[in-house]
Amino acid sequence: ARLARWTLGFCDERLVPFEHPESTFGLYRTHLLSRLPVPASQVLSIDPALPLEAAAEDYATKLRQALGDDAIPVFDLLILGVGPDGHTCSLFPGHPLLQERDRIVAPISDSPKPPPQRVTLTLPVLNAARTVVFVATGEGKAAVLKRILEETEESPLPAALVRPHTGQLRWFLDESAARLLTVPFEKHSAL
C-alpha cells in the first residue's frame, strides 16, 4: 500500500503523556493511526518523557533524520487548524515564537491555551511546505477567518503568516465558518 511509504508527523504537541486526553498523538494513535497501514517507525512524535527544551530538540532531530538534513525540512503536506484567536499550531498572537527564524521546532512554556508546555513547528517550516491546507469549520471561526482572509492588519494573526514560499495554500471551510466572507462562498474551498 502507498500509505506504507508515508512519514507522518505532528505540527505541534502538548507535553503530556500519550495516555493523557490532551495528547494529540494519543488521540491520533487511538482513532486514526491504528486503522492506517503506516508502520509505527514512520510516525514521528515528541518524547513526552523529556524536559520541554530537550523534547523540542529531539523532535527536530527526528524530522531532519526523516525528511533530510536540509536547514528547513520540506513537508509535502501540512494540515493545519486555526483557533478563534487566529493561532495555528502552537503559534499564538503576539508571541515571540512568531519571530523565530533559526529553529525548526520550538518549545513553548507559556501557551495561553492549556496545557502551557508544548512543542511546535515554526513559521519557516510551515512556509517551506509544498502544500498547506487549513481546515476550519463552525460559526465560531467565522469572525477570525474574515480577519485572516479579507482584512489587512498591522500585526497579522499567526494563521495569516502562513504563506508557503513556493507551495500552495488551500482553505477548506464549511458554510458556517465562511458566512462572514464577502467573496462569494463558492469561490472558496468548501467541505
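For the range 62-147, what is the charge dipole size about the Cα centre, in debye to the nearest 20, if Lys and Arg each add +1 at the Cβ and Asp and Glu each add -1 at the Cβ? Walk me through the numbers before you get to the answer.
Numbers: 10 positive and 8 negative charges, 28 e Å.
So the magnitude is around 140 debye.
With the contact rule set at Cα under 8 Å and sequence spacing of 6 or more, what percent relative contact order holds for the chain?
Relative CO of the chain lands at 20 percent.
Once you charge only the Cβ atoms, +1 for Lys and Arg and -1 for Asp and Glu, what is the size of the charge dipole of the range 97-191 about its Cα centre, to the nearest 20 debye?
On the way: 12 positive and 11 negative charges, 56 e Å.
The calculated dipole for the range 97-191 is roughly 260 debye.
Summing Lys, Arg as +1 and Asp, Glu as -1, what charge do residues with Cβ under 15 Å from the Cβ of residue 105 carry, residue 105 excluded? Before the final figure, lay out the partial values.
Details: positive: 14, 62, 64, 101, 103, 118; negative: 12, 13, 47, 53, 57, 58, 69, 70, 100, 102.
Result for the local shell: -4.
What FRET efficiency would be calculated for the residue pair residue 113, residue 77, taking the C-beta separation as r and a Förster radius of 22 Å, to the nearest 0.05?
Numbers: r = 25 Å, r/R0 = 1.11.
The calculated FRET efficiency here is 0.35.
Might you report the magnitude of the Cβ-based charge dipole of the chain about its Cα centre, with Lys and Arg at +1 and Asp and Glu at -1, to the nearest 20 debye? Present the calculation step by step, with values, prior to reporting the outcome.
Numbers: 19 positive and 23 negative charges, 122 e Å.
Charge dipole of the chain: 580 debye, to the nearest 20.
Taking a point 7 angstrom from the Cα of residue 50 along the C-beta vector, which residues in the range 7-22 have backbone N less than 20 Å away?
Hits in the range 7-22 for residue 50 at 20 Å: 7-20.
Could you tell me which residue out of 137, 71, 157 lies farthest along the dipole of the chain toward its positive end? Charges go on the beta carbon: Lys and Arg +1, Asp and Glu -1, centred on the Cα centre.
Of the candidates, 137 comes out farthest on the positive side.
Nearest 10 degrees is fine. How inclined is helix 52-67 to the longest principal axis of the chain, computing both from alpha carbons?
Approximately 90 degrees, to the nearest 10.
If I stretch the segment between residue 6 and residue 34 completely, what's the gain in nm (0.36 nm per residue apart, minus their alpha carbon distance), one decimal? Write down the numbers at each step before the final one.
Numbers: separation 28, 0.36 × 28 = 10.08 nm, distance 1.47 nm.
Length difference between fully extended and current span is 8.6 nm.
Can you tell me what percent of all Cα-Cα pairs in the chain are more than 26 Å apart?
The calculated P(r) of the chain puts 33 percent of pairs beyond 26 Å.
Taking amide H atoms as placed 1.01 Å from N in the peptide plane, list the residues 5 or more away in sequence, or in a different chain, whose amide H sits under 5 Å from that of residue 172.
134, 135, 136
Please work out the FRET efficiency for the pair residue 137 and residue 64, using the Cβ-Cβ distance as r and a Förster radius of 35 Å; give the result to the nearest 0.05. Intermediate values should be presented prior to the final figure.
Working: r = 33 Å, r/R0 = 0.95.
Approximately 0.55, to the nearest 0.05.
What aspartates and glutamates sit close enough to residue 62 to cross-link, taking a C-alpha to C-alpha distance under 15 Å and skipping anything fewer than 8 places away on the same chain?
12, 13, 47, 53, 70
Every number here is computed from the coordinates shown, using simple stated rules; none is lab data. Just so it is clear, the model here is predicted, and its values are computed rather than measured. Ideal geometry is used to build each Cβ from the backbone, glycine not excepted, and the neighbour counts take in all protein chains shown.
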